[in-house]
Every structure is written in C-alpha cells, then in structure tokens.
Amino acid sequence: MPRQEVIRKAKQDKRAGKSASTQAGEFVKDQIDKIRKGKHGARSTKQAIAIGLSEARRAGVDLPPPRKGRTKKSTRRSAKYAYEAGQGKRTPKRRPKVSRAVENVLKKEPRSTASRKALSKQAKSAASRRSAVSRSAAARKASRTKGAKARSAAAKKAARTRARRRS
C-alpha cells in the first residue's frame, strides 16, 4: 500500500500537467526507497519498477497496460487488472494469504537491485532501446512542464556537473 504522501505528490504532478509516467515515477521512487531501507528486496531493477507501476495503476494513475508484444501475457493481464482497479471499473478482492506470501518472498530477494549502479545500468539500457527522436521529444515536453523555478535549478545543476567533469 503506497503512503499518502506519495499519492499526494502524484496528484500534484497531475495538476501540473505532467505525464502519467511522471506521476507513476513517484510510486517507483517510493518502491526503490523501500528496498534501500531494507523493508524488502527485488529480484531485478525491472521488478522493482514493475511493482511501483502496479501500485501507481491501483492508486488511479492513468497509465494503461503495455501493448501486445511489449511484455509477457501474464504481465499484461496483471497490469490490466491493476489499471481497472485504479479506474474504479472493478473492485479488487482482498487476498491476505497471497499478500503475505508475496511479502515473504520479496523479503528474501536481494537489496542490491536498488543501488545507484543497478539503476544507472537499467536507465541506460532502457534509453538505448528508444529512438533519438523519442528521447528528444520527451526532454522537450519535460522542459515545458517543469516551470521557471525548477528549470533554473536544473540549469544550475547542469552547469555544476559540467564544471566538475572538466576538473
């Protein structure tokens, strides 16, 4: 169950006109934090992200399930169920036994999947699967929805990291 603070941040992103994936990012970040704190683990970085996306769908973020051919049939079915539950199209059954079993399995999984190195590797491989046009369009949209204050902060940070690389 996601924290109320995470849901509040996602709603704030929606009001700011940010994309559904950005709203879902709040849930993914929360999942990564949980793993880093040692509350549970994940078999892979992809799994940690998938758990976050599922929570986002259940919380009502308008993030449709992946299209056919992108993921396994079972993953798509699970995402569809979570999406429908979040949109109020179906009432999810409470399954305490399944919930407990999943939690116990996750507790035995490694925590290293949420390390900076693992996340960096995942982000790079995901970006490399996208076209340059797609990446550029995403960056342009991000700059439109960022706002003046955040844009200024991002520019300052970029300048700092550039200065650090030179020395």
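Remarks
- Looking only at region 111-167, and only at residues there that are farther than 23 Å from Thr71 by Cβ and hydroxyl-bearing (Ser, Thr, Tyr), the one that is modelled with the lowest pLDDT: Ser167
- Restricted to region 15-42, and to residues there that are among the basic types (Lys, Arg) and not in a loop (DSSP other than H, G, I, E, B), the residue that is most open to solvent (accessible area, probe 1.4 Å) is Arg15.
- Being part of a helix (DSSP H, G or I), at negative phi, without any contact (Cβ under 8 Å) to a residue 12 or more places away in the chain and surrounded by fewer than 19 Cβ atoms within 10 Å (Cβ to Cβ) holds for only one residue in Gln47, Gln12, and it is Gln12.
- In region 63-76 there is at least one residue matching the filter, namely being buried (at least 18 other Cβ atoms within 10 Å of the Cβ) and within 22 Å of Thr145 (Cα to Cα).
- Residue in region 22-34 that is in contact with a Phe, Trp or Tyr (Cβ under 8 Å, 6 or more places away or on another chain), free of Cβ contacts under 8 Å to residues at least 24 places away in the same chain and of a type outside the set (Ser, Thr, Tyr) present: no
- Just one of the listed residues (Glu103, Glu109) is touching a residue at least 60 places away in the same chain (Cβ under 8 Å), among the acidic types (Asp, Glu) and in contact with a Gly (Cβ under 9 Å, 6 or more places away or on another chain), namely Glu109.
- Qualifying residue in region 83-93 (condition: of a type in the set (Ser, Thr, Tyr), buried (at least 16 other Cβ atoms within 10 Å of the Cβ) and touching a residue at least 40 places away in the same chain (Cβ under 8 Å)): no
- All positions within region 96-122 that are polar (S, T, N, Q) and exposed (fewer than 10 other Cβ atoms within 10 Å of the Cβ): none
- Filter result (of a type in the set (A, V, I, L, M) and under 15 Å from Glu5 (Cβ atoms)) within region 33-49: none
The values are calculated or read from the model by the stated rules, or taken from the named source; none is laboratory data. Bear in mind the structure is a predicted one, so any value in this text is a computation, not a measurement. Cβ coordinates were reconstructed from backbone atoms using ideal geometry, including for glycine residues, and neighbour counts include every protein chain displayed. Note: accessible area is taken over every heavy atom of the protein model, side chains too, but ligands, DNA and RNA are not part of it. Shrake-Rupley method; radii C 1.70, N 1.55, O 1.52, S 1.80 Å.
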